[in-house]
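K.L.:
One structure follows; several queries about it will come next.
The values are calculated or read from the model by the stated rules, or taken from the named source; none is laboratory data. Computed from a prediction, not measured in an experiment: that's the story for all the values here. All Cβ positions, even for glycine, are placed from backbone atoms using ideal geometry, and neighbour counts span all protein chains on display. Just so you know, the surface numbers come from the protein's heavy atoms only, side chains and all, with ligands and any DNA or RNA stripped out. Shrake-Rupley method; radii C 1.70, N 1.55, O 1.52, S 1.80 Å.
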Amino acid sequence: MLWLFLGILFFFTIFGVPIVFCLGIANIVMLLVMDIPLMALPAKVIQGADSFPLLAIPFFMFVGEVMNRGGIARRLVDFADALVGHITGGLGHVSILSSMFFGGICGSAVAETAAIGGLLIPPMKKQGFPAPLAAAICASAAVIGIIIPPSIPFILFGIITSTSIARIFLGGIIPGIVVGLALMITTYFITKKKGIARPAPDRKFSVKRVGQTLLSAGWALSIPVIIVGGILGGIFTATEAGAISAFVAMILGLFVYKEITFKDLPSIFLSTGKTTATVLYLCGMAMCTAWLLTRARVPFELAAMVQSITDSQLGVLLMTNLLLFLVGFVMDLTPAMLILAPILLPVMQQVGVDPVYFGVIMSVNLGIGLITPPVGTVLYVATGVANVKFEELVKSIAPFVVAELAVLILLIFFPQIVMFIPNLVLP
């Protein structure tokens, strides 16, 4: 049944059929083969989308829209510039650090690329960065947005596998920081080698400027503290945290920073609604797929097949991550997560891999797929923002992909990097 499903999925994907319709066709064929009434399809799709935790997704998407328009992103950039703008690599480091702050608020790589890239790529060009390199730094840094909590992929993984979202959020903190450091080191050596983005002789680290920009960005930086602290304290769920962060972001944009008006809200709601509709429809269809594959015992057969090759935990992890990396070339993160998580998690559990650890690893791996051709969504956003050719961006982003792959390998060999904080805070 697995090969039937994959064959149908990739056959129609090759011809450019949207992934949600590919899933629908595959589901109908599997229903017919398994002699299940076709009415099970709409029932399972509605059941899959009818999930309280899924409500967190439109809330965090709304936060991303408000941040793009409400001056929040610019204040985060100013604070990051005060912290690292004086280092060789200048605005490249600012872009990466800003992405870490931004990711801690909205959890969307695409929103992050549009917001941070739109703000920083023009001044990066003035600082001497070639346009493809500036776009590559912003695009690769956007991957951090789906690792540092809150993270939409973490929420999806938690829902579809019944894994604690709070523990996955905690598991993403250290890996997100490590990815950020790896990208900053890569940026430093590239800019130093090219002799660009050297700080001005009079540019020094200023505690006073850090304090001033922190005061300006402080309200925005309070959002991730509210989210993580509230969830860990048992005050609210991840969904309620999304609602609270959306409310806080709207208040900041309307009344504190005053860079959006009530007239802007309808377009923000409409944009959020369009994206949410796509994601929820895809979630419902993928939930139906997961139900059919589980009923056909595909996860158990796959686990037996993998264990016939190797019963080593490390070996299974390496094989699975190679598969996920290859999938990232041809499939976007959200459908890949929804389709593969319920199939692969039983395989991982058979060899003793913690679901929280696998959720973080899977998100990091598929996140790298967002910046690899030909399907990398973030690449296309970055080409539009920076006005560069796709092939030029792909060439410039290669060193940053290598840096993120190095971090992924580090996480595979040292699981305690992921599990330290979850085991410490929520054992």
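Residues checked against (1) touching an Asp or Glu at 6+ places or on another chain (Cβ under 7 Å); (2) more than 28 Å from G145 (Cβ to Cβ); (3) surrounded by 14 or more Cβ atoms within 10 Å (Cβ to Cβ):
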site: L9; (1), (2), (3): no, no, yes
site: P42; (1), (2), (3): no, yes, no
site: D50; (1), (2), (3): no, no, no
site: R69; (1), (2), (3): yes, no, yes
site: R74; (1), (2), (3): no, no, yes
site: A82; (1), (2), (3): no, no, yes
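K.L.:
If you check G158, G180, G176, which single one turns out to be part of a helix (DSSP H, G or I), under 30 Å from D50 (Cβ atoms) and out of contact with any His (no Cβ under 6 Å at 6 or more places or on another chain)?
P.N.:
G158
K.L.:
Residues that are open to solvent by 40 Å² or more (accessible area, probe 1.4 Å): find the helices (runs of 4 or more DSSP H) completely inside the stretch 284-389 holding 3 or more of those.
P.N.:
Answer list for the stretch 284-389: 298-309, 313-330, 377-386.
K.L.:
Now for a different question. What is the number of the single condition among (1) outside any helix (DSSP H, G or I); (2) in contact with a helix residue (DSSP H, G or I) (Cβ under 7 Å, 6 or more places away or on another chain) that S396 does not meet?
P.N.:
Looking at each condition in turn, S396 falls short on (1).
K.L.:
Being part of a helix (DSSP H, G or I), open to solvent by less than 100 Å² (accessible area, probe 1.4 Å) and in contact with a Leu (Cβ under 7 Å, 6 or more places away or on another chain) is the filter; apply it to the stretch 194-225 and report the residue that is farthest from H86 (Cα to Cα).
P.N.:
So the residue we want is A220.
K.L.:
Let me ask something else. Please work out if I57 is closer than 25 Å to G145 by Cα, in a helix (DSSP H, G or I) and among the hydrophobic types (A, V, I, L, M, F, W, C).
P.N.:
Considered against the rule, which asks whether it is closer than 25 Å to G145 by Cα, in a helix (DSSP H, G or I) and among the hydrophobic types (A, V, I, L, M, F, W, C), I57 comes out as yes.
K.L.:
Just one of (1) touching a Lys or Arg at 6+ places or on another chain (Cβ under 6 Å); (2) modelled with pLDDT under 85; (3) of a type outside the set (S, T, Y) trips up R203, so point out which.
P.N.:
Just one mismatch for R203, condition (1).
K.L.:
Return the residues of the stretch 372-401 that are among the acidic types (D, E) and in contact (Cβ under 8 Å) with a residue 40 or more places away in the chain; say none if nothing qualifies.
P.N.:
E392
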